[in-house]
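Quick notes on the structure that follows.
The values are calculated or read from the model by the stated rules, or taken from the named source; none is laboratory data. Every value quoted in this text rests on a predicted model; they were computed, and no experiment measured them. Cβ: placed from backbone, ideal geometry, glycine included. Neighbour counts: every protein chain shown.
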Amino acid sequence: MANYSTNEFRAGLKVMLDGEPCSILDNEFVKPGKGQAFNRVKLRNLNTGRVWERTFKSGESLEGADVMDRTMEYLYTDGEFWFFMEPDTFEQYQADAKAVGDAHLWLKEQEKCEVTLYNGSPLSVAPPNFVELEIVETDPGLKGDTAQGGSKPAKLSTGAVVKVPLFLSEGEIIRVDTRTGEYQGRASKS
Amino acid sequence: MDWKPAATLDTLRARAALLQRIREFFAGRGVLEVETPLLCSTGVTDPSIEPLVVERGESLGAARYLQTSPEYAMKRLLAAGSGPVFQVARAFRDGEAGVRHNPEFTLLEWYRPGFDHHDLMREVAQLLSVCLGELPVEYCSYRALFIDELGLDPFTAGLQALEARARETLDVGALKGDRDLWLDLLMSHLLEPRLAARGMCFVYDYPPSQAALARIGQVDGVAVGHRFEVYVRGLELANGYWELADPAEQRQRFSAENRRRREHGMTERPLDEALLAALSAGLPDCAGVALGLDRLLMLVTGVGDIREVLAFDWERS
């Protein structure tokens, strides 16, 4: 992999730091009027998700990480692995629970998601920002209660539990923001 | 093609108003506005400043350097008897880009014969209150700042103590360096953010190793470089000196910087003999300061990114 100097560090660049693949979040050039210049860099460790803040002498370099973001179609899970397919090549990838993380709560078959590959294997999975999922379990809907502000838990087809308004019932399809886990509205019937 | 300016038209009007205010300030004090060449025959020896070089053109016998500050030319004017002078000049520094740096930027630089650095700090404070309104003003020696804020004496603490203090708070990996590197790191990463809560803060009398072009004197039994910096709400705005006038010592400092360049695998630079000759002819006792005009405009307009005060920043120029 290529080496990148501090002045090439940009948000999104993938580099190796202390043997860990990282994504650069922010790069601040710090230089006193006279004297040594530094780069104060925020990075996300792609293995652990932890955010690192590391200071480098300006001009130092890091090795690039073989990390790529790919849009893939989610196929199915066998309980141990989650399977994804690259739509152009039909190449399939299996991701373990660590790579999938909380994303499994939002994975719907045939839905497109972002799979990050590290040395060719899935490192992390990001669901679409919004997904439409069916309510499979909730207290009975209260008709005519649309004006009231109350909410109740509802279990979705993927196992995720979200707070929904009281008037919704089992079998309905709702739209959820996967970044916050919040109910957005009833999905329009298609 | 994104052809539009980065700054708003209101910001450009604020820049024009600021320039006018500055010119009135100096006109009222009898300080002469001057202009000196942007393209210079020699580049600075300071290992931490890299000039941009112009290499081709029929008029060029040899490569010329875009000035990193108008300091040497202005000192030649002072030695020629100009009296107090100021300049609003473009300066260029290679590789310096970020939210507070643009490789091409504007300096306001001025020199005051008969002033020492304390006199000049007071004048900087007066100019800044004309531009920014009244602010609380503090004067704090470099030594007192480190002792008060970090419990470390920057003049006596060993390299290991400085490094340990930095590593206590910062992740710096395998960073290596001399005392000055650790002092610079502590200053920029730990102390500057603390200055953000203060109004206008002058830091003065630096370790002699960081004197740059300031004369060295004795304060409380230790040698200090009579240099100062001013921070406004934590933003470093200006760097000034009670100017070194001794040509022999100036030559030694240039040579020492070239030695450091060699040690770091950088090319050495020929010395600015015209400056050294001017010092030999006699530089009047004076203090001088360079102030980042774009940063001052950031404070005037209340923006946090230098690109927002430039008509066309580096990416758009």
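Residues checked against (1) crowded, with 17+ Cβ neighbours inside 10 Å; (2) modelled with pLDDT of 95 or more:
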{"residue": "A:Phe56", "(1), (2)": "yes, yes"}
{"residue": "A:Asp69", "(1), (2)": "no, no"}
{"residue": "A:Glu80", "(1), (2)": "no, no"}
{"residue": "A:Thr89", "(1), (2)": "no, no"}
{"residue": "A:Ala99", "(1), (2)": "yes, no"}
{"residue": "A:Lys112", "(1), (2)": "no, no"}
{"residue": "A:Asn119", "(1), (2)": "no, no"}
{"residue": "A:Glu137", "(1), (2)": "no, no"}
{"residue": "A:Gly144", "(1), (2)": "no, no"}
Notebook entry, point to check: Quick one: B:Glu109 ticks every box in (1) under 22 Å from B:Gly240 (Cβ atoms); (2) outside any loop (DSSP other than H, G, I, E, B); (3) more than 14 Å from chain A (Cβ to nearest Cβ) bar one, so which box is it?
Noted result: (3)
Next item on the list: Being more than 10 Å from every other protein chain (Cβ to nearest Cβ) and either of a type in the set (Asp, Glu) or closer than 23 Å to B:Glu257 by Cα (or both) is the filter here, so list the residues in region B:163-186 that pass it.
Entry: B:Glu163, B:Glu168, B:Arg179, B:Leu186
Notebook entry, point to check: When you scan region A:1-86 for strands (runs of 3 or more DSSP E) that lie fully inside it, which ones turn up with 3 or more residues that are within 27 Å of B:Ala166 (Cβ to Cβ) and within 14 Å of another protein chain (Cβ to nearest Cβ)?
Noted result: A:14-17, A:20-30, A:38-45, A:51-57, A:61-63
Notebook entry, point to check: Can you name the number of the only condition in (1) surrounded by 14 or more Cβ atoms within 10 Å (Cβ to Cβ); (2) within 30 Å of B:Ala17 (Cα to Cα) that B:Asp305 fails?
Noted result: (1)
Next item on the list: Can you run down the residue pairs with Cβ atoms below 9 Å, 6 or more apart or on separate chains, where the first is in region B:158-175 and free of Cβ contacts under 8 Å to residues at least 60 places away in the same chain and the partner is among the hydroxyl-bearing types (Ser, Thr, Tyr) and surrounded by 14 or more Cβ atoms within 10 Å (Cβ to Cβ)?
Entry: B:Ala166/A:Thr55; B:Leu170/A:Thr55; B:Asp171/A:Thr55; B:Val172/A:Thr55; B:Gly173/A:Thr55; B:Leu175/A:Thr55
Next item on the list: Output the number of residues of region B:286-295 satisfying the condition of being in a helix (DSSP H, G or I) and either acidic (Asp, Glu) or within 30 Å of B:Gly81 (Cβ to Cβ) (or both).
Entry: 2
Next item on the list: With the condition kept exactly as written, say whether any residue in region B:242-263 is touching a helix residue (DSSP H, G or I) at 6+ places or on another chain (Cβ under 7 Å), under 29 Å from B:Cys201 (Cα atoms) and within 14 Å of another protein chain (Cβ to nearest Cβ).
Entry: yes
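Residue by residue, here is whether (1) touching a Pro at 6+ places or on another chain (Cβ under 8 Å); (2) at pLDDT below 95; (3) over 22 Å from B:Leu132 (Cα atoms); (4) outside any helix (DSSP H, G or I) holds:
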{"residue": "B:Met1", "(1), (2), (3), (4)": "no, yes, yes, yes"}
{"residue": "B:Ala6", "(1), (2), (3), (4)": "no, yes, yes, yes"}
{"residue": "B:Thr11", "(1), (2), (3), (4)": "no, no, no, no"}
{"residue": "B:Ala17", "(1), (2), (3), (4)": "no, no, no, no"}
{"residue": "B:Gln20", "(1), (2), (3), (4)": "no, no, no, no"}
{"residue": "B:Thr36", "(1), (2), (3), (4)": "yes, no, yes, yes"}
{"residue": "B:Gly43", "(1), (2), (3), (4)": "yes, yes, yes, yes"}
{"residue": "B:Ile49", "(1), (2), (3), (4)": "no, yes, yes, yes"}
Notebook entry, point to check: So which residues in region B:185-213 are farther than 15 Å from B:Glu149 by Cα and part of a helix (DSSP H, G or I)?
Noted result: B:Pro208, B:Ser209, B:Gln210
Margin query: Which of the numbered conditions does B:Glu163 fail, given that it passes all the others? Conditions: (1) among the acidic types (Asp, Glu); (2) surrounded by fewer than 18 Cβ atoms within 10 Å (Cβ to Cβ); (3) closer than 24 Å to A:Glu53 by Cβ.
Written below: (2)
Notebook entry, point to check: When you scan region B:123-162, how many residues do you find that are assigned to a helix (DSSP H, G or I) and under 13 Å from B:Leu191 (Cβ atoms)?
Noted result: 10
Note to self: I'd like to check something: does region B:187-200 contain any residue that is in contact with a His (Cβ under 7 Å, 6 or more places away or on another chain) and within 14 Å of chain A (Cβ to nearest Cβ)?
What the structure shows: no
Checklist line | Within region B:112-122, tally of residues that are surrounded by fewer than 18 Cβ atoms within 10 Å (Cβ to Cβ) and part of a loop (DSSP other than H, G, I, E, B) | finding: 2
